[in-house]
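The values are calculated or read from the model by the stated rules, or taken from the named source; none is laboratory data. These numbers come from a predicted model, not from an experiment. In this analysis, Cβ positions are derived from the backbone assuming ideal geometry, glycine residues included, and neighbour counts consider all displayed protein chains. Surface accessibility is based on the protein's heavy atoms, side chains included, excluding ligands, DNA and RNA. Shrake-Rupley method; radii C 1.70, N 1.55, O 1.52, S 1.80 Å.
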Amino acid sequence: METTKAEIELKPAVSAFSAAHDEPAWLRDLRLKMLEQYPKLALPKFDKISYKKWPLTAATKPVVQESAASALADLSLDRANAKNVLVMLGQTVIKAKLDPELAAKGVIFTDIFTAVREHPELVKRYFMTTAVKADANRLTAFHAAFLNGGAFLYVPKNVVIKDAIQSYYIQDSTRDQDFVHHVLVVADENSEVTYSENYATVGDKPNLANVIAEVIGKANSHIHFSAVDQLAQNTTGYVSRQGRLAEDARVDWAVGAMNDGHAIVDFNTDLIGRGSHAEVKVVAVTTGEQLQGINTHVTNIGKHTIGHILQHGVILENSALIFNGVGHIVKGAQGSDAQQESRVLMLSTHARGDANPILLIDENDVTAGHAASVGRVDESQMYYLMSRGIDKKMAERLVIRGFLGNVLTEIPAKEVRQQLTATIERKLENGQKSE
Amino acid sequence: MSKLEVKNLHVAVMDEEDKGQPQQKEILKGVNLTINTGEIHAVMGPNGTGKSTLSQAIMGNPAYKVTEGDVLLDGKSLLKLPVDERARAGLFLAMQYPAEIAGITNVEFMRAAINARRPENDQIPVMDFMKLLDKNLALLDMSDDIVERYLNEGFSGGEKKRNEILQLMMIQPKFAILDEIDSGLDIDALKVVSKGVNALRGPEFGSLIITHYQRLLNYIIPDAVHIMMDGQIVESGGPDLAKKLEAEGYTGLRNDLGLDVKLTDEI
Ligand SMILES: Nc1ncnc2c1ncn2[C@@H]1O[C@H](COP(=O)(O)OP(=O)(O)OP(=O)(O)O)[C@@H](O)[C@H]1O
Ligand SMILES: [Mg+2]
């Protein structure tokens, strides 16, 4: 059976990898246990997203590898000079900076292996135990077994960080190697932080990316989490972001799903504490032959919790984009609010799109609503724009910008907005090449 | 000097009222018209006679199919060019029913339109653009905030018309076709819009003005007036022709000319 084969073949390599990073026993044991279990666990199910045939669990042998910083030359890491920044290429930390004032206050921002060594108790307490469990499904178990990079951000009680924490995680696909990356963000009580992450790829080897970010918001914390995902065409990606909020905590997710290959982007926020609040804003652009399946799930568990989902996406060429929006209010979550809007705009007749709203309401005293649409660019609008001399591509870009702008204007941070806008332009330029 | 020529133009649309096989319906039945820069021509005619069809066919709206004849700019046929190329060649159409587009601001749109006419390495500097915009807004008595609003979205009828003229003044084409730019305008707005068009008047600018009302032609004095009925120009003349029409109505004019056409409001 394949299961045992994976285990037998890869066990020594996983152990060696763990040893090379001086990992404590708990992490090594977790890896080995998940290595044994992952082939037997079920793949997570996402409505209307069929990905069973994707190579998301064909592991390459984990080896400790250095990547040369020179490979980053072609990338523009526009905010790599920020005060607080982490740049990683593959498993290699290229740059790690944290404002000493923040460090003095107890803020931790470092790569995941350093964190495991230097802050074992904190990491052990939260790593795949709270926001998502390692054995939740085949992809999470795979993740735990083959973890080969990542970051840890800890914001202590009552600390409010003004400058954004920037990170760039670059997959090294100049060689055959899985990119299994874990980000753990813990915001302690009454803290506030803006964290921004960017994923990209160098090289064109066909590799998988399995990315999990866990966000734990303690009581009355506020996390502004923004992400721009730009994994390459030859990368098959599973990108999961999991949040768990305590009383009156709030997370604002602002994400651009701009990958060029097949990808599943999975958001899941559990509003546990009374009065906790999640805002999820997603923009997505698909091009070429790719499929991006975006599954956004918010569960209202505590009383008076608020979960809002707003996602707009544009589909070009032969690509496909699926938005699932799941708003789930469980029994007992009185006074809660679940709202969502998912809209998809198709620019080519070969594009396929779906906006799929799902409301699961198990409590009476709540408010909930959804809006969803799949549409094409209006011909009379295109004609009007072009009648002023604007060519077809530019006219399309204007229409798309307008369409995605509905989400962008809802994102409070100007920097994030600008960055997303720039990414959208890049992706559109690529996507219009073949037309 | 430039010349816009419409030669024996026949235009058909797909008639979608017939269920089953869509039928081609001929709207223009041989229109001839020549406009030089420096001239303003007015076209008048009853409802449903093909005036908007003529303007859309000249501009290159793909919904209108030219079955015979030609449209030429300085001797070169435009028929094979898509609408954006015709626009860059110098045509402008102020539409009877401008589209509304949420998400694109008016100002962003106008800048894109101007830059579309300029090489990529010579886009209009923001300051120059803003100066030009302010000048034209003042001339058209428009408030600043209209340019920050989404393109035509939620604009009143009159605001849309003014906005068409604002674009016209920003773009400064060789030839502008104004399709019922006066309909729905109050008297002050009519004067303002006329002022805009008159400001462009000169040896480098020609216009084709479609209107139902002689009143507009008191403000923008045309060099020629054409009457269109049933897909053809049936009579041409000077500004007096518009006055005669105002006095007699289309029925009178038709009877004068001894034409055999049916007018829409006749039973
Ligand atoms: N896109 C179209 N599809 C079908 N029929 C059309 C289309 N455009 C115009 N027509 C028809 O062609 C005829 C001429 O219409 P057009 O809009 O050119 O008239 P007009 O002279 O501009 O009238 P008005 O004074 O009412 O604006 C009408 O019978 C109209 O219904
Ligand atoms: Mg008309």
Practice problem: Go through the residues of the stretch B:231-244 one by one and say whether even a single one is open to solvent by less than 60 Å² (accessible area, probe 1.4 Å), within 16 Å of ligand 2 (Cβ to nearest atom), within 15 Å of residue B:42 (Cβ to Cβ) and away from every other protein chain (no Cβ under 14 Å). | Solution: yes
Exercise. Would you mention how many residues in the stretch B:41-58 are surrounded by fewer than 23 Cβ atoms within 10 Å (Cβ to Cβ) and more than 10 Å from ligand 1 (Cβ to nearest atom)?
Key: 1
Quiz item: Out of curiosity, is residue B:114 more than 14 Å from chain A (Cβ to nearest Cβ), open to solvent by 10 Å² or more (accessible area, probe 1.4 Å), modelled with pLDDT of 95 or more and not in a loop (DSSP other than H, G, I, E, B)?
Solution: no
Practice problem: Kindly establish whether residue A:406 is in contact (Cβ under 8 Å) with a residue 24 or more places away in the chain, under 29 Å from the mean Cα position of the chain (by Cα) and open to solvent by 40 Å² or more (accessible area, probe 1.4 Å). | Solution: yes
Quiz item: Can you pull out the residues in the stretch A:266-281 that are of a type in the set (A, V, I, L, M, F, W, C) and surrounded by fewer than 24 Cβ atoms within 10 Å (Cβ to Cβ)?
Solution: A:272
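How many residues does the stretch B:227-241 hold that are part of a loop (DSSP other than H, G, I, E, B) and within 18 Å of the chain's Cα centre (by Cα)?
Number of matching residues: 1.
Select from the stretch B:179-209 the residues that are more than 13 Å from chain A (Cβ to nearest Cβ), within 16 Å of ligand 1 (Cβ to nearest atom) and open to solvent by less than 30 Å² (accessible area, probe 1.4 Å) and list them in ascending order. So that I can check it myself, show each step before the final result.
Looking only at the stretch B:179-209, we keep the residues that are more than 13 Å from chain A (Cβ to nearest Cβ), and these are B:180-209.
This time we only want the ones that are within 16 Å of ligand 1 (Cβ to nearest atom), so: B:180-185, B:208-209.
Listed by number, the residues that qualify are B:180, B:181, B:182, B:185, B:208, B:209.
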Quiz item: Restricting attention to the stretch A:372-402, which residues are open to solvent by less than 50 Å² (accessible area, probe 1.4 Å), out of contact with any helix residue (DSSP H, G or I) (no Cβ under 7 Å at 6 or more places or on another chain) and without any contact (Cβ under 8 Å) to a residue 24 or more places away in the chain?
Solution: A:384, A:402
Self-check item: Residues being touching a Pro at 6+ places or on another chain (Cβ under 7 Å) and more than 9 Å from chain B (Cβ to nearest Cβ) - total across the stretch A:368-401
Solution: 2
Quiz prompt | Qualifying position, being in contact (Cβ under 8 Å) with a residue 60 or more places away in the chain, within 14 Å of chain A (Cβ to nearest Cβ) and within 16 Å of ligand 2 (Cβ to nearest atom), among B:27, B:58 | solution = B:58
Quiz prompt | Index of the failed condition, residue B:143 passing every other in (1) free of Cβ contacts under 8 Å to residues at least 12 places away in the same chain; (2) open to solvent by 70 Å² or more (accessible area, probe 1.4 Å); (3) away from chain A (no Cβ under 12 Å) | solution = (2)
Quiz item: When you scan the stretch B:210-221, how many residues do you find that are surrounded by fewer than 22 Cβ atoms within 10 Å (Cβ to Cβ) and either within 16 Å of ligand 2 (Cβ to nearest atom) or not basic (Lys, Arg) (or both)?
Solution: 6
Quiz item: From the set of residues in the stretch A:1-15 that are among the hydrophobic types (A, V, I, L, M, F, W, C) and open to solvent by 60 Å² or more (accessible area, probe 1.4 Å), which is modelled with the highest pLDDT?
Solution: A:8
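Residue-wise test of (1) within 21 Å of residue A:21 (Cα to Cα); (2) open to solvent by 10 Å² or more (accessible area, probe 1.4 Å); (3) assigned to a helix (DSSP H, G or I).
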| site | (1), (2), (3) |
| --- | --- |
| A:95 | yes, yes, no |
| A:130 | no, yes, no |
| A:136 | no, yes, no |
| A:140 | yes, no, yes |
| A:145 | yes, no, yes |
Quiz item: Right, residue B:165: crowded, with 21+ Cβ neighbours inside 10 Å, hydrophobic (A, V, I, L, M, F, W, C) and either more than 16 Å from ligand 2 (Cβ to nearest atom) or at pLDDT below 95 (or both) or not?
Solution: yes
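Do we find that residue B:70 is farther than 30 Å from residue B:14 by Cβ, surrounded by fewer than 15 Cβ atoms within 10 Å (Cβ to Cβ), touching a strand residue (DSSP E or B) at 6+ places or on another chain (Cβ under 7 Å) and away from chain A (no Cβ under 14 Å) in this structure? Show your work before the answer.
Numbers: farther than 30 Å from residue B:14 by Cβ: no; surrounded by fewer than 15 Cβ atoms within 10 Å (Cβ to Cβ): yes; touching a strand residue (DSSP E or B) at 6+ places or on another chain (Cβ under 7 Å): yes; away from chain A (no Cβ under 14 Å): yes.
In short, no.
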Practice problem: Return the only residue of B:244, B:191, B:195, B:174 being out of contact with any His (no Cβ under 6 Å at 6 or more places or on another chain) and free of Cβ contacts under 8 Å to residues at least 12 places away in the same chain. | Solution: B:244
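Suppose we filter the stretch A:294-311 for residues that are part of a strand (DSSP E or B) and surrounded by 24 or more Cβ atoms within 10 Å (Cβ to Cβ); how many remain? It would help to see each step written out before you state the result.
Start the filter on the stretch A:294-311 by keeping residues that are part of a strand (DSSP E or B), which leaves A:294-300, A:306-311.
Add one more test, that the residue is surrounded by 24 or more Cβ atoms within 10 Å (Cβ to Cβ), and what stays is A:294, A:296, A:298, A:300, A:307, A:309, A:311.
Adding up the residues that qualify gives 7.
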Quiz item: Only one of (1) open to solvent by less than 10 Å² (accessible area, probe 1.4 Å); (2) part of a helix (DSSP H, G or I) fails for residue B:6. Which number is that?
Solution: (2)
Quiz prompt | Hits in the stretch B:74-88 - residues which are touching a residue at least 40 places away in the same chain (Cβ under 8 Å) and either open to solvent by 60 Å² or more (accessible area, probe 1.4 Å) or within 14 Å of chain A (Cβ to nearest Cβ) (or both) | solution = B:74, B:87
